[in-house]
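Working notes for the structure below.
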Amino acid sequence: MNAADLASTYDLVVIGGGPAGLAAAAVAARAGLSTVLFDENPGVGGQIYRAIASTPLKDRAILGDDYWAGEALAAEAGASGALIVTGATVWSLDPGLGVGVSIAGAARLIQARRIIIATGSLERPFPIDGWTLPGVMTAGAAQTALKAQGLVPDGCTTVLAGTGPLLWLLAAQIVRAGGKLDMLLDATPGANWQRAAIHLPDFVLSPYFSKGMSLLQEVRGRVPVVRVDGLKAVGEDRLREVVYRAKGREHRLAADLLLLHQGVVPNVNLALAAGVTHRWNERQLCFEPVVDADFATSVPGIAVAGDGAGIAGGAVAAERGRLAAIAAVRALDPSARVPDAQPIRQRLQREERGRAFLDWLYRPHDALRRPNGDTLVCRCEEVTARQVRDTARLGCEGPNQMKAFLRCGMGPCQGRLCGLTVTELIAAERGTTPEAVGYYRLRPPVKPITLGELASLPKSEAERKAVER
Amino acid sequence: MTRTADVVVIGGGIHGCSTALHLALRGLKPILVEKDYAGRHASGVNAGGVRQLARHVAEIPLSIASMALWERIEELVGDDCGFASHGTVLVAESEEELAGFRARVEDLRLKGFTHEELLDRRELKELVPAVSDHCPGGVVSRRDGAADPFRTTQAFRRRAVEKGAEIIEGVRVSGLARSGSAWRVETSDGPIEAPKVVNAAGAWADRIAAQLGEPVPLEVIAPMLMVTSRLPEFIAPVVILRSRKLSFKQLGNGTVVIGGGHLAEPHRDENRTVLDWPKLAISARTVWELFPVMREATIVRAWAGIEASMPDEIPVVGLSTTSEGVFHQFGFCGHGFQLGPATGAVMAELVATGSTNTPIDGLGIARFLPDRARPARS
Amino acid sequence: MFKRLVEGGTAVTLTVDGTPVEARAGDSVAAALLAAGIGHCRTTPVTGAPRAPYCLMGVCFDCLVTIDGVGSRQACLVPVRDGMTVESQQGKREAGR
């Protein structure tokens, strides 16, 4: 598939080929909408079903049933008639539903009648000392390497640290695969239980409960687990030691691989750049788009489905994708046949039950979200927590001014790895809320493109559009 | 409660902040009212060019006066504003174009302006080695340079406050009217009374002017800019083109800012712009042709700042023709950043003394008013 | 740091900073570097600190490398190809050339 082969207009453009995107594309294409799904990875599946069609891991027990559920979803989308384009990077989405996409080094601008953003989530920044050292990666990265390439940690000492369900899932997967995992440092704040407890009944009734319990058991039986409330990575050119505080004492552990995780947050860059209104979610400590029951946003024609609309997991993501697609079909072709939304909403409710418990239980530690001193906040431009805090104290009220003063958020990652930290630090220093502080103003390209790619936009297209405006 | 001041400055861009500073330096008490925050729009997000080159003759005196201030900017505002002087080069892409430039440079000399110098092919290559070989020469203004726009605007704001100006941000002006011998400026934070008012409201300045019976054909524009990731140093001066829209500069941190005047769709009431990628693609193609070294460079961001343009592409600077005590300072048409320091000084001089020695003839608002009989005053 | 669970697959050879590196079809460039035990893939433009792939999902941009002469490619998103040339990026001097 080349950029030149794309049509100039599609009824529906779906961005992201994880559960939400796959489910949405399947529903829309089956109902007769001309549908294209773009994903920047070499295959569909998103993060949760990463490499679902190509993983070298044939032993299904390693990744578990929840992973292999993606097979049916991918097959359904593949058979639906939707055009699925992988290796396609969407770098721009405007409020008029124009989409800028690059495929194999060439760019195109196409027009959509409806958009479903299904760009999912990314791991919450984990700004501790040494988190930029080679040898420190995210837990999600290790999981990706496992799913896509069948790579498991196999160094001298592997440490997994942080909090959240994925931490335990990855631990179990590494152990099942026969990889090396020497210690799990559980940084879940003990006090979280108090707020989580009232949601326990819902959790017990949810599908997460039994899965979660057996996962904890599986890991605890095979990996030493230590409760920690302080963590750093130490080394000059690469990770040498993990330093952690447990029961008031500091411990040092020689290690060559540290995998960090403290939950996932919506990947908001594309939606923000398109002008979608977002709000702060205090329970999940992140910004999320404001959506209605059909996942429509403040920008007419743009819906956000999946974890991008608020973290709820893979099964929920697929249901949200279906609802968003049903709404798109109804808007464009009221006579088309679509699945009944009611049972989908019921499944959604069932799946969402229990989420509050997990959110409160695994709400990450303040100290691990709001660093101090020389800890890097912005990895790209190497801006420290002290610089951000000092600048906030001097009167800098928001992330956009901070960006102009310190260049944080102006590197290639475009704030994905520092945005939440900068917002939370400003709020803390100025005694206000993250909601009031807000987030970086994001501009396309939401993924960097080369000058050559941009120059490659078909000239006729450029001229035609220029005349239309 | 009604606040009082000597002057109300409307608008916290570099122009309003500079005027507030120069008023305070003259011992006056200005209150500056800004609806967002200082430098939120074009003043904070422009390309940062500090350029005398290729300006309309009517604004050259202001530009030259400003250059003198830029060269002692740290003394003026207590911050070097990231200003560095490596010249601006206007590149000719054909012999015909170069001939036109030659005529312009000669004409400027006759008028007494010597800051523009013609470059032949060899001289151009010396100044801009990376430029494509098809370019036969150009024009340089050697004292020109570039600065960090947000930092500059903030520095003016900060120094103005240190010198006694009051700056109110997040407050919107809703109207103004005479109140005895003073002006009463209504704001979302209560009224302010002052004998003098400066309208430096940028893309919103026409609304103030209209209330004074001076409707102007202001166009809201949002010139687009792109910036690359950090590149090895390969170019010192700012490069501009005339036949095609391009301005091009490499900052000290290695990133390259590409602009030149292709416009985004502005939505001034929502503080929002929508980028026009087909036009940015035209910029990308121009750079592709002019600087082959840039072809694999990565574009990490694109944006546009909202500002005002006038039909004749020069600003409105001077006294109101209808309203005693009101002064206009807006409509800088995408090239007002360099003019900020001196225009603020001139406005302060006008406010304090009623006149200025810097020639600003031709910039008055009268040129847009239907009654051409009214003399354009400066 | 990492080992392959599954042997076999189609062998692919890359050149990384002039040295041949064995990879498998289906690897991303970043995964191939990790599997080959390559310590870091670039140094930063600001302080010259070494960096290696961090997120493997296209969001952190720490795995930027030059691939077949094109700078600042995200190694985690580019599948390997036989004969591919990969160069680490050294700070500001070479960033995004």
- Query: When the range A:216-240 is examined, which residues are found to be away from chain C (no Cβ under 14 Å) and more than 19 Å from A:Thr138 (Cβ to Cβ)?
  - Reply: A:Leu216, A:Gln217, A:Glu218, A:Arg220, A:Gly221, A:Arg222, A:Pro224, A:Val225, A:Val226, A:Arg227, A:Asp229, A:Gly230
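May I ask you to say which residue of B:His267, B:His262 is within 10 Å of chain A (Cβ to nearest Cβ) and surrounded by fewer than 18 Cβ atoms within 10 Å (Cβ to Cβ)?
On the way: B:His262 fails: surrounded by fewer than 18 Cβ atoms within 10 Å (Cβ to Cβ).
Answer to the selection: B:His267.
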- Task: Report yes if A:Ala118 is within 23 Å of the chain's Cα centre (by Cα) and either away from chain C (no Cβ under 12 Å) or of a type in the set (Ser, Thr, Tyr) (or both), otherwise no.
- Result: yes
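Looking at A:Ala404, A:Ala385, which one is surrounded by fewer than 24 Cβ atoms within 10 Å (Cβ to Cβ) and in contact (Cβ under 8 Å) with a residue 40 or more places away in the chain?
A:Ala385
Would you check which residues across the range B:302-313 are under 30 Å from B:Val131 (Cα atoms) and buried (at least 22 other Cβ atoms within 10 Å of the Cβ) and list them? Walk me through how you get there before you give the answer.
Kept after step one, since they are under 30 Å from B:Val131 (Cα atoms), are these residues of the range B:302-313: B:302-305, B:313.
B:Ala302, B:Ala304, B:Gly305, listed by residue number.
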- Might you check whether a residue that is within 14 Å of chain A (Cβ to nearest Cβ), in a helix (DSSP H, G or I), under 15 Å from B:Pro341 (Cα atoms) and at pLDDT 95 or above occurs anywhere in the range B:61-82? no
- Hits in the range B:142-160 - residues which are farther than 12 Å from B:Trp70 by Cβ and among the polar types (S, T, N, Q): B:Thr153, B:Gln154
- Item | the range B:139-176: number of residues that are over 29 Å from B:Leu251 (Cα atoms) and either in contact (Cβ under 8 Å) with a residue 60 or more places away in the chain or touching a helix residue (DSSP H, G or I) at 6+ places or on another chain (Cβ under 8 Å) (or both) | 14
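State yes or no: is A:Leu368 closer than 19 Å to A:Ile128 by Cβ, away from chain B (no Cβ under 14 Å) and under 22 Å from the mean Cα position of the chain (by Cα)? Break it down into steps so the answer makes sense when it comes.
Details: closer than 19 Å to A:Ile128 by Cβ: yes; away from chain B (no Cβ under 14 Å): yes; under 22 Å from the mean Cα position of the chain (by Cα): yes.
Against the criterion (closer than 19 Å to A:Ile128 by Cβ, away from chain B (no Cβ under 14 Å) and under 22 Å from the mean Cα position of the chain (by Cα)), A:Leu368 qualifies.
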- Item | Residue check, B:Arg151 over 14 Å from B:Val7 (Cα atoms) and buried (at least 18 other Cβ atoms within 10 Å of the Cβ) | yes
- In the range B:133-152, which residues are out of contact with any strand residue (DSSP E or B) (no Cβ under 9 Å at 6 or more places or on another chain), within 14 Å of chain A (Cβ to nearest Cβ) and part of a loop (DSSP other than H, G, I, E, B)? B:Asp148
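Only one of these is among the basic types (Lys, Arg) and more than 18 Å from B:Pro149 (Cα to Cα): B:Arg301, B:Arg272. Name it.
Details: B:Arg301 fails: more than 18 Å from B:Pro149 (Cα to Cα).
After ruling out the rest, the residue left standing is B:Arg272.
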- Message: Here is a check on your reading of the model: is B:Ser132 of a type in the set (Gly, Ala, Ser), at pLDDT below 95 and touching a Leu at 6+ places or on another chain (Cβ under 7 Å)?
- Response: yes
- in contact with an Asp or Glu (Cβ under 7 Å, 6 or more places away or on another chain), buried (at least 23 other Cβ atoms within 10 Å of the Cβ), in contact (Cβ under 8 Å) with a residue 60 or more places away in the chain and under 15 Å from A:Leu12 (Cβ atoms), is that true of A:Ala324? yes
- Filter pass, B:Val316 being farther than 29 Å from A:Leu93 by Cβ and surrounded by 24 or more Cβ atoms within 10 Å (Cβ to Cβ): yes
- Select from the range B:154-166 the residues that are touching a strand residue (DSSP E or B) at 6+ places or on another chain (Cβ under 7 Å) and either at positive phi or of a type in the set (D, E, K, R) (or both) and write down the one among them that is surrounded by the fewest Cβ atoms within 10 Å (Cβ to Cβ). B:Glu166
- Message: Any residue at all in the range A:408-418 that's surrounded by fewer than 23 Cβ atoms within 10 Å (Cβ to Cβ), away from chain B (no Cβ under 12 Å) and under 30 Å from A:Ala191 (Cα atoms)?
- Response: no
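Inside the range A:115-189, counting only strands (runs of 3 or more DSSP E) that do not spill past its ends, which hold 2 or more residues that are among the small types (Gly, Ala, Ser)?
By residue number, A:158-163.
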- Unique match (being modelled with pLDDT under 95, within 7 Å of another protein chain (Cβ to nearest Cβ) and touching a strand residue (DSSP E or B) at 6+ places or on another chain (Cβ under 7 Å)) among A:Gly140, A:Gly155, A:Gly150: A:Gly155
- Test A:Arg249 against the criterion of being surrounded by fewer than 22 Cβ atoms within 10 Å (Cβ to Cβ) and touching a His at 6+ places or on another chain (Cβ under 8 Å), and give yes or no. no
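Test B:Gly39 against the stated conditions and say whether it is within 14 Å of chain A (Cβ to nearest Cβ) and assigned to a helix (DSSP H, G or I). Don't jump to the end; show me each part of the working.
Details: within 14 Å of chain A (Cβ to nearest Cβ): yes; assigned to a helix (DSSP H, G or I): no.
Answer is no for this residue.
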- Item | Counted residues, the range A:214-244 - those being of a type in the set (Gly, Ala, Ser), more than 18 Å from A:Pro153 (Cβ to Cβ) and surrounded by 15 or more Cβ atoms within 10 Å (Cβ to Cβ) | 1
- Item | Neighbours by Cβ (under 9 Å, 6+ apart or cross-chain): first from the range B:201-224, among the polar types (S, T, N, Q); second buried (at least 21 other Cβ atoms within 10 Å of the Cβ) | B:Gln211/B:Leu176
- Tally of residues being at the interface with chain A (Cβ under 7 Å from one of its Cβ atoms), touching a Cys at 6+ places or on another chain (Cβ under 8 Å) and under 22 Å from A:Pro127 (Cα atoms) across the range C:1-43: 0
- Query: Just to be sure, is B:Met294 within 14 Å of chain A (Cβ to nearest Cβ), of a type outside the set (Ser, Thr, Tyr) and in contact with a Phe, Trp or Tyr (Cβ under 9 Å, 6 or more places away or on another chain)?
  - Reply: yes
- Given the conditions (1) crowded, with 23+ Cβ neighbours inside 10 Å; (2) away from chain C (no Cβ under 14 Å), and given that A:Gly32 satisfies all but one, which numbered condition is not satisfied? (1)
- Tally of residues being more than 8 Å from every other protein chain (Cβ to nearest Cβ) and among the β-branched types (Val, Ile, Thr) across the range A:440-459: 1
- Item | Residues satisfying the stated conditions in the range B:231-254, i.e. more than 22 Å from the chain's Cα centre (by Cα) and either of a type in the set (Val, Ile, Thr) or closer than 14 Å to B:Ala47 by Cβ (or both) | B:Ile235
- Query: When the range B:4-30 is examined, which residues are found to be in a loop (DSSP other than H, G, I, E, B) and closer than 10 Å to B:Glu166 by Cα?
  - Reply: B:Ala5, B:Lys29
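The values are calculated or read from the model by the stated rules, or taken from the named source; none is laboratory data. In this text, all values refer to a predicted model and were calculated from it rather than measured experimentally. Cβ coordinates were reconstructed from backbone atoms using ideal geometry, including for glycine residues, and neighbour counts include every protein chain displayed.
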